[in-house]
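To start, the structure under review is shown below, and the notes come after it.
Each reported figure results from applying straightforward, stated rules to the coordinates on display, with no laboratory input. Note that this is a predicted model, so its numbers are computed, not measured. Cβ atoms come from the backbone with ideal geometry, glycine included; neighbour counts cover every protein chain shown.
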Amino acid sequence: MQAYLAGGPVMYVLTLLSVIAVSLILYSAKALRSMRKDSGNWISRIRTSVQELGGGEGAAVQAIERICFTTHSAILWLSRLASMATLLGLLGTVLGISQAFADMQVQGQAGPDVFAAGIYQALHTTIAGLILALPFLLAHHLLKDALAVRQLDLLSKMKGQDS
């Protein structure tokens, strides 16, 4: 807890990002599970969308993309949050170093004791940003691949039913 508090206000923003990311991961995982367990419902929605698009070549793929848009968007946001976490960690680093220089100016001396507090904050936000960015990015890639597999599976099931 002390390390968390030492990171300063940037840590609160990183915490918010992590809550959002976990929500997106759970939402996406639930949607992917639904595509696998309840494919009949998804295929029915895709067929309706194909009819709305007027049928034709490529309408099924376009319909699947349309139906899966919100899940795809949630997965893309994980990548964005990973980038934001990394940049917020960097921001915390810059703020911590700035604070260290400000403390040195106020005390009128430069030394490891004066500089240590700012560096301490800087390191904790950098570490936290990277620790969050890595699983966000991993989840993004895993879920993106899983979505592509589910979309292909739905397409093949739909075409199998048409035969």
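Assorted remarks:
- Helices in the chain that qualify as membrane-span-like (whole DSSP H runs, Cα extent of at least 18 Å along the helix axis, mean Kyte-Doolittle hydropathy of 0.5 or higher) are 9-37, 69-107, 112-162.
- Simple Cβ-charge dipole of the chain, Lys/Arg +1 and Asp/Glu -1, about Cα centre, in debye nearest 20: 680 debye
- Each Cα pair under 8 Å and six or more residues apart adds its separation to the average, and for region 21-163 the resulting relative contact order is 32 percent.
- Working ranking of peptides 129-136, 101-108, 35-42 by packing, defined as the average number of other Cβ atoms within 10 Å per residue, highest first, is 129-136, 35-42, 101-108.
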